[in-house]
1. Specify the residue that is farthest from S106 (Cα to Cα); the eligible residues are those in the stretch 119-128 that are open to solvent by less than 40 Å² (accessible area, probe 1.4 Å) and modelled with pLDDT of 90 or more.
2. Can you find even one residue in the stretch 129-146 that is of a type in the set (G, A, S), over 23 Å from Y49 (Cα atoms) and surrounded by 13 or more Cβ atoms within 10 Å (Cβ to Cβ)?
3. Please name all residue pairs, on different chains or six or more residues apart, with Cβ atoms under 6 Å, provided the first residue is in the stretch 95-115 and is closer than 17 Å to N56 by Cβ and part of a loop (DSSP other than H, G, I, E, B) and the second residue is open to solvent by 50 Å² or more (accessible area, probe 1.4 Å) and modelled with pLDDT of 90 or more.
4. Take K64 and decide whether it is free of Cβ contacts under 8 Å to residues at least 60 places away in the same chain, within 14 Å of V126 (Cβ to Cβ) and open to solvent by 70 Å² or more (accessible area, probe 1.4 Å).
5. Looking at the structure I just gave you, is G75 in contact (Cβ under 8 Å) with a residue 24 or more places away in the chain and on the phi > 0 side of the Ramachandran plot?
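The values are calculated or read from the model by the stated rules, or taken from the named source; none is laboratory data. Everything numeric here is computed off the predicted structure, so don't read it as measured data. In this analysis, Cβ positions are derived from the backbone assuming ideal geometry, glycine residues included, and neighbour counts consider all displayed protein chains. Quick note on the areas: whole protein, heavy atoms, side chains included, nothing else; ligands and nucleic acids left out. Shrake-Rupley method; radii C 1.70, N 1.55, O 1.52, S 1.80 Å.
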Amino acid sequence: MPRQSEWTRRAVLRLAWGGIIVAGALTIEPLVKYLTSQEDRLQSPLVLYTKPLDKNSDWQNTAKARVWVRRDALGVMALVATCTHLGCEVNYHPEKKEWLCPCHGSIYDVEGRPISGPAPKALPRVAVELQKDGSLMINTAKQVGMEFRI
């Protein structure tokens, strides 16, 4: 005569709950490491940009992530490409002349002003200073207005 299984419904549910608790506990450490990562943050608020900028140039990415510069008819400006909704890095699409946030779909115009999506305000403009050698010193710690140019 075949032996009856000793697994009760209650024992199976206890095992399942134990597995859920263990799986949840194992995901806490990687999640905390991801959320507190310093990988994409600037090491210094000062960013040096040495490449030449033509008049009416498109946005140029600096060597440091998220800092972009541009020269238009009024002068040189810089911004930090961090979405004002939840801080995701936005990407510039020159063919559309728009900044797009891959996380929640915010769209900014070429100047960094929000067009649609959950973003509440424009991309942060930061101070730029022309150095004696012609390079640009960008201070990401000092926000300026949308009209600021050098």
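1. Filtering the stretch 119-128 down to residues open to solvent by less than 40 Å² (accessible area, probe 1.4 Å) leaves 119, 122-128.
Retained after the next criterion (residues that are modelled with pLDDT of 90 or more): 122-128.
Details: A122: 11, L123: 11, P124: 15, R125: 17, V126: 20, A127: 24, V128: 26 Å.
Residue satisfying both the conditions and the ranking: V128.
2. So the first thing to find is which residues in the stretch 129-146 are of a type in the set (G, A, S), and the list is 134-135, 141, 145.
Narrowing the set further to residues that are over 23 Å from Y49 (Cα atoms) leaves none.
Within the stretch 129-146, none of the residues are of a type in the set (G, A, S), over 23 Å from Y49 (Cα atoms) and surrounded by 13 or more Cβ atoms within 10 Å (Cβ to Cβ).
3. D109/I115; V110/K97
4. Numbers: free of Cβ contacts under 8 Å to residues at least 60 places away in the same chain: yes; within 14 Å of V126 (Cβ to Cβ): yes; open to solvent by 70 Å² or more (accessible area, probe 1.4 Å): yes.
In short, yes.
5. Numbers: in contact (Cβ under 8 Å) with a residue 24 or more places away in the chain: yes; on the phi > 0 side of the Ramachandran plot: yes.
The answer is yes for G75.
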